[in-house]
Every structure is written in structure tokens, then in C-alpha cells.
Amino acid sequence: MTIFYFVLAAVALGILVFIHELGHYFVARWMGMVVETFSIGFGRPLIKWRFQGVDWQIGWIPFGGYVKILGMELGKKEDGKYLEPHEIPNGFFTKPPWRRICVALAGPLANFILAFLIFTAIWMLGGREKPFSDYTQLIGWVDPSSELYTKGVRPGDQLTRYNGKPYKSSKDLLYATMLAGKDVTLEGYHIDYTSGEKTPFSYTVEAYPAPASLEGILTTGISTGARYLIYDQMPDGSPNLLSEGSPMAQSGIAYGDRLIWADGEILFSLKQLNHIINSSQALLTIARGDETFLTRQPRVSTQDLVIPSHIQDELKDWQYEYDLVGKWSDLTVLPYIISSEGYIEAPLNFLDEESERAAFPLHPYSPDLESRLEPRDRIIAVDGTPVSTGYEILGGLQTHEVQLIAQKDGKFTAPISWLIEDQVFQESLNVKEIQELAAKIGVSSGPHVVDDYIRLTPVEPKRIEQFSLSNESKERIERELDRQKREIEAISDTKKRTQALAYLKKSRNQLLLGIYLQDRAVRYNPSPLVLFGSTFVETGQTIKALVTGYLHPKWISGPLGIVQVIQQGWKLGISEALFWIAAISLNLGFLNLLPIPVLDGGYICLGLWEMITKKKLKAKTMERLILPFVILLFGLLIFLTFQDITRLF
């Protein structure tokens, strides 16, 4: 089937080129010009025939095409005399400039018309299915090292405007950071999901290189939109099997379930979930007077704390009682003096300020959930496991079992309209019921179900090497990691290289749940005019980013990459394939209008120059203008094709 889709994609690209050149062909003949050749592809013809006085052919290089009009060869000899382009009878340059401009405009215009017709067809078919995260205004994750994070923006908050423009999709932020310069202004709302209260915000922040990017992509700190975390069969209907040894295998999760809460937090993205399961914090159930509540407190190495000798002796006794192997100095503890009955007596001091800031950051993720404990607070559960003694608390702190709540109504697989997606997402969160279920953690052994919500069996995340993988899978992972390491080591910038290596090491050692979670689909179906306009603007923004240097040319797809994009579209469905065909048609028209000699825009500029100056350019002058760009164009084509092949393999 892959070959079949590849052929469909190649045919679609050929049709786009054919339509473009057909526009030139018909208008050229209408303007009284003599068309000599109509070619799809370049190079020596594989197939050639003559029809209505025109040589029709398919070249052996199957990318691009051209219509050759008499006189476009920039002069020729006739009866032993060299003729300038404007002297060739019935030639392209003998016609008035406005006629030549019409011919040059015809190709891009044909592509624009085709794109609009395809967008209309998509609209009539009901639009495309896209991930919820693509078009939501709800934030999925904020980089903890970002300025936005320090200002209090968190997952679940709403982003409504950027640089004074309405925020409509995840692409808006990408273009904003690439094109707006140093500062980006973001507006939206902080949302309290318990009370439903919205508090407006407006922050101007400086864009900075994204932490995970080797290519210098800029970010404001918001790395993804909110998304659903649904466990279901794969999109093609095949089983979504939990990997062998997956921590989630015995959790009780089933098809149609949506992970909604983890260790005290409502979930808005995979990155947020990954942050929680890799956190060093322990989820504690605390009794304070008549009140019982959940809190997250840092697990800290004993080597980072100033621990009095009598407390050290007690920890060693607890280690022995719980049968914990290893040195006591390798244990993780809470930064408090804790009595043998589990009461907080006093905080412990840190060896240095850096260690304390790591444990209790100046800007905590959840201030209410992560506030420090008070004397006489009693720890009654660690990660949901009831405890009654100091040594049980110490034992519970050596592992991290994640508490998860899932929503089980199974309605999240049906697509919804993108116009109401955020409203549906927020209405699907019954925070009162979630809190009622969470409040039972560590204090109740009764049913772990409240209406549509269920508390899953706690899970202990694993590192990748702890999974039961085949030798082939292990080798593939090692090869990929080695490839990434070699790519990073080739970075000349020492700071970037060090950062990237640290990020790779962190990624390699991260904890996983061993489950594939999917987003909810939304039905995205704006009017054809809106779709045409947004795609046109995105194309212009991409060109601007290339010219200004924010976008490296190697990120642009060449012919092979374009075929691959259309191929992937066919796999996802006819509407997605049609969208990419229309988008590429629009891009083809847009690019050809650029005022570059050899492109249609170059011929339009030559015509306008002649109309203004009333002077005709000589062949030598046009050669000096056009030939360098021909060489550059073919060089760019070779470069992009090489990048396409690199990405492909």
C-alpha cells in the first residue's frame, strides 16, 4: 500500500505542475504567442508527441515542467543574423508587456484557482479530522525555565491573542516567535478549574531557543496545546497493546479510558504527565488537626541535608527495620525531622541554597499543593500507601508510585467540531467528582469509583532498559541514541552542544509508563475562503522566515519531501490528501510570483520595468539576470532533494 500511496502522491504533484503550465499555455495562445513545447519534467523526453503544432513531452526528471514560447530563448540566429528577443517574429518579447504579464500570471493563477476548488471540495466533504491540540486555545505545557512560567502561566490556562492577533492554532505561536522579533505579547486567562473563575493576563516575554531544539527554534515557553490522553485501539483499528512489562498492564485501564489526573494535577498534555512521573516529589496524605489533604513534597538525598547525628542514627534504625539495603547516605528522605509516629517536628536545613531551591523552587508548579509542611502535621500515607511509623514513611520514599484517575465514559473517540472543542473539554472535567475521588487516597479502602471516574491501581514508572524488549528493539533504540549523540557532538557551539548532551542524557534516563495515549479528533471545517486565506498567509510567513534567517532552508521540503507529505495525507484519508495537494498548489503559485528572474514573478517584473521605462532589454542583459538564478535554482533543488533523502532514510 505504501508504494500505491507514493504513486498517487507523485501523480498528484505531476497534476499540479500540469495545471500550472496549462495556465501559461492557454493564455499564451490566447495572446497570440507561438507555443513550441509543453513539458512535464525536465531533461531528455521519455515520451514525446506533436499536437496542434506543439511538442508535448514528459521529461526523465519528473519534477517541475515548463512551457516554451517562441522567443523565450533570449535571441536566436535567423538567415545568419542574430536577433534580439524583441526582434523574433511572433515571439514572447515582441508582444506588449501587459500581454507577457498576463501569460506569466496565468500559471500561478491556475494554481490558486485549483487550490480554492479543492478547499471547496474539502468543505463539502465535511472537513478534516485533526488532533484537538492543534486548534485548542488551552495550554498543554509551559517550560519551567521560561519567563511565562515565572509569571504563573500553567497547563490549562487559555491563550486568546498573540501580538494583538487572535490565537487560532499551534502554528500561530511558531510564526510569532520566528517573525515578531525579540518580544512576543501573549494575552489570555488563568483558569481556576475548581471555581471556574477566569483571570485575564497580558504578558510580554522574550523568545528564546527551545530547550529540546538543536536547530535554534525559538519559543515563548508554551510548547504544546492541551490534549486528551485516551487509551484506545490504534487509529487503523489494530490493537493498542501495552508493551511487555508495562507498568500500566495491571493498572485496570481499558479501551476508551482517558487519563484525567495524576498525583494531584488535572492532566492537559503528555509533557505534563511525563513531568509528573519523572518528578522527585512524593504525594503525601497529611492530617492537620481535623483536616486531611494531599500535598507534594520533595524527596531529597540525605547528602543534601544537614542532619543531626541523633537523627542520622534514627534513620539508620528505620533503614534496618524496613530492610532497606545499601548505605543510609544513599537514601532519599523528606527535608523534615519526623517522629517515629509520623509527625513533622521541624524542617531540616540544606547544605546549600542551590539544593534548597531545587527542592522548594521560588516558583513552584502548584503553590497550593506544594506548600511546606508545618509542625504537628502527620503523614498518614506516602504515594497512596497508608503509613503509621517513621520506618514505613522512609520505605515508601524510596520508590515512586504514581496515583492516576481515569474517566471511563468512553465518549472521547467521537470527533467534535473545532468551534466548540474547548467548551466540550472544559465541560468534560467534573472537578468536584475528581477531588472527591482524590480525597480518598491514603485514607479509604472502599470503592475507588465516583460516577464516571475511577482511581487506577498505582503504578511505578520504569526506565526504558527495564522493559522486556526484544534484542532487535534494544539494538534499534541504541542505534537511534548513538545517531543523536553523533549529531550533537558535531555541533560547533560548545554551549549548545553541552545543553543538547544533557538533554539527551535526561531523555535516555527518563521514566515511562509504557502506554500509547491518543488525542481526541476534532472536525476542522472552516469555509474555503478562510482555509485559502490562512494557507496563503502561512506560505508568506514561511517565505519571510526564510529571508530573515529564522528558518533554515534545510527545513523546507523538496520534490521528494512534497511527494512524501502527500503520501502521508493519502494514508490519513482523502480530505487530508486533498488539503496537502491544495496547499502545495497554493505554495507553487505563491513561490512562482516571487520577483526572481527565471520565475514567473521575474518575467512580471521585466514587463513592468519595460512599461515604465519604455525600453526593451537586450538578450545579454537578460542572460546576466536570469542565468545565475537558474544555477541557484538547480543548486537549491539538489540541496533540498539531498535533505529529503536524508530525512527519508
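Worth a mention:
- Among (1) surrounded by 17 or more Cβ atoms within 10 Å (Cβ to Cβ); (2) under 38 Å from the mean Cα position of the chain (by Cα); (3) in a loop (DSSP other than H, G, I, E, B) - the single one P367 does not satisfy: (1)
- Strands (runs of 3 or more DSSP E) fully within the range 191-290 counting 2 or more residues that are buried (at least 19 other Cβ atoms within 10 Å of the Cβ): 222-225, 257-262, 281-288
- Exactly one residue out of Q466, Q403 is buried (at least 17 other Cβ atoms within 10 Å of the Cβ) and of a type in the set (S, T, N, Q): that is Q403.
- Residue that is modelled with the lowest pLDDT [pool: residues in the range 236-257 that are out of contact with any Lys or Arg (no Cβ under 8 Å at 6 or more places or on another chain) and farther than 24 Å from I464 by Cβ]: D236
- Every residue from the range 14-41 that is at positive phi and crowded, with 20+ Cβ neighbours inside 10 Å: G41
- For first residues located in the range 155-171 and under 11 Å from D134 (Cα atoms), partners that are acidic (D, E) and modelled with pLDDT under 90 and lie 6+ apart or on another chain with Cβ distances below 7 Å form the pairs K171/E538.
- Cβ-Cβ distances below 7 Å connect the following pairs, each with a first residue in the range 595-619 that is closer than 18 Å to K68 by Cβ, a second residue that is among the polar types (S, T, N, Q) and surrounded by 17 or more Cβ atoms within 10 Å (Cβ to Cβ), and a separation of six or more residues or different chains: L599/N592; D600/N592.
- Within the range 406-421, the only residue that satisfies the criterion of being in contact with a strand residue (DSSP E or B) (Cβ under 7 Å, 6 or more places away or on another chain), surrounded by fewer than 22 Cβ atoms within 10 Å (Cβ to Cβ) and closer than 23 Å to P247 by Cβ is K408.
- When the residues of the range 132-179 are filtered to those that are over 22 Å from N525 (Cβ atoms) and of a type in the set (G, A, S), the one that is surrounded by the fewest Cβ atoms within 10 Å (Cβ to Cβ) is G164.
- Filter result (farther than 30 Å from L331 by Cα and among the hydroxyl-bearing types (S, T, Y)) within the range 398-417: T413, S417
- Selected residue [over 30 Å from R486 (Cβ atoms) and small (G, A, S)] from S170, S243, S223: S170
- Flag if S340 is of a type in the set (S, T, N, Q) and either at pLDDT 95 or above or closer than 16 Å to G395 by Cβ (or both): yes
- Whichever residue in the range 561-591 is surrounded by fewer than 21 Cβ atoms within 10 Å (Cβ to Cβ) and over 26 Å from N525 (Cβ atoms) and, among such residues, is modelled with the lowest pLDDT: G561
- Each residue in the range 474-533 was checked for being surrounded by 14 or more Cβ atoms within 10 Å (Cβ to Cβ) and of a type in the set (G, A, S), and 3 pass.
Residue by residue, here is whether (1) surrounded by 13 or more Cβ atoms within 10 Å (Cβ to Cβ); (2) in contact with a His (Cβ under 7 Å, 6 or more places away or on another chain); (3) under 26 Å from P144 (Cβ atoms); (4) at pLDDT 95 or above holds:
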residue: L294; (1), (2), (3), (4): yes, no, yes, yes
residue: V306; (1), (2), (3), (4): no, no, no, no
residue: E321; (1), (2), (3), (4): yes, no, no, no
residue: V325; (1), (2), (3), (4): no, no, no, no
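- Top-ranked residue of the range 114-131 - restricted to ones that are surrounded by 19 or more Cβ atoms within 10 Å (Cβ to Cβ) and of a type outside the set (F, W, Y), ranked as nearest to the chain's Cα centre (by Cα): K130
- Qualifying residue in the range 442-456 (condition: surrounded by fewer than 15 Cβ atoms within 10 Å (Cβ to Cβ), within 30 Å of the chain's Cα centre (by Cα) and not hydrophobic (A, V, I, L, M, F, W, C)): no
- Condition met for L481 (out of contact with any strand residue (DSSP E or B) (no Cβ under 6 Å at 6 or more places or on another chain), of a type in the set (A, V, I, L, M, F, W, C) and assigned to a loop (DSSP other than H, G, I, E, B)): no
- Restricting R50, R44 to residues that are part of a strand (DSSP E or B) and at pLDDT 85 or above narrows the list to R50.
The values are calculated or read from the model by the stated rules, or taken from the named source; none is laboratory data. Fair warning: this is a prediction, and the values are worked out from it, not measured in the lab. Here Cβ is always computed from backbone atoms with ideal geometry, including for glycine, and neighbour counts include all displayed protein chains.
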